[in-house]
1. Name every residue in the stretch 51-89 that is part of a helix (DSSP H, G or I) and either surrounded by 15 or more Cβ atoms within 10 Å (Cβ to Cβ) or touching a residue at least 40 places away in the same chain (Cβ under 8 Å) (or both), in order of residue number.
2. With 206, 128, 154 as the choices, which residue is without any contact (Cβ under 8 Å) to a residue 60 or more places away in the chain and either in contact with a strand residue (DSSP E or B) (Cβ under 9 Å, 6 or more places away or on another chain) or more than 18 Å from residue 79 (Cβ to Cβ) (or both)?
3. Conditions first: (1) part of a strand (DSSP E or B); (2) on the phi < 0 side of the Ramachandran plot. Residue 48 passes all but one, so which condition is the exception?
């Protein structure tokens, strides 16, 4: 606990020092819209998009998003949500699933991190098991943008301020994958991890 508190203090202090340099115009970046995300990804095929209602979009404040279901070769089902923010300077910032999922009635029963492979590099993402009534889902999520995949909300905020100062960019996204537990939790976890690793190489075109 002491080590974690020290790390958090250093992150907050570093962000404070950099914030004075974080002004200036936002640097525009070229990217593909998320609606063009491939509907076929390494054996996974899109099974339909679910548009968010106006009230949800207003709360989220996203500039672009995709909310889509994919089905695997063996019938595994996963839900993909990506919310992209072109700028996080004016108060529209990424909403953590730790807040959004309980607000939608999903209560966490397990939390940890998981190491996946994006191309040839290992990356760490957040892993949750959530439950609503009798339904359970395995959730993987991470923050992505400006060339990084980050699990920690605190580290993501540090780099947000640092990149605002260095690159004049505050764009970024939340990537969340949910796999329903139908027979056993382990198979849902494998489906979520397999889809995540298949998806990651395609994301830089949409989340530069």
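1. Restricting attention to the stretch 51-89, the residues satisfying the condition of being part of a helix (DSSP H, G or I) are 54-60.
Of everything in the stretch 51-89, just one residue is part of a helix (DSSP H, G or I) and either surrounded by 15 or more Cβ atoms within 10 Å (Cβ to Cβ) or touching a residue at least 40 places away in the same chain (Cβ under 8 Å) (or both), namely 60.
2. Working: 206 fails: without any contact (Cβ under 8 Å) to a residue 60 or more places away in the chain; 154 fails: without any contact (Cβ under 8 Å) to a residue 60 or more places away in the chain.
Of 206, 128, 154, the one residue that is without any contact (Cβ under 8 Å) to a residue 60 or more places away in the chain and either in contact with a strand residue (DSSP E or B) (Cβ under 9 Å, 6 or more places away or on another chain) or more than 18 Å from residue 79 (Cβ to Cβ) (or both) is 128.
3. (2)
Quick note: the coordinates plus some simple rules give every number you see, no bench work behind them. The model shown is predicted, which means the values in this text are computed figures rather than measured ones. Don't worry about glycine lacking a Cβ; one is built from the backbone with ideal geometry, like all the others, and counts go over all protein chains shown.
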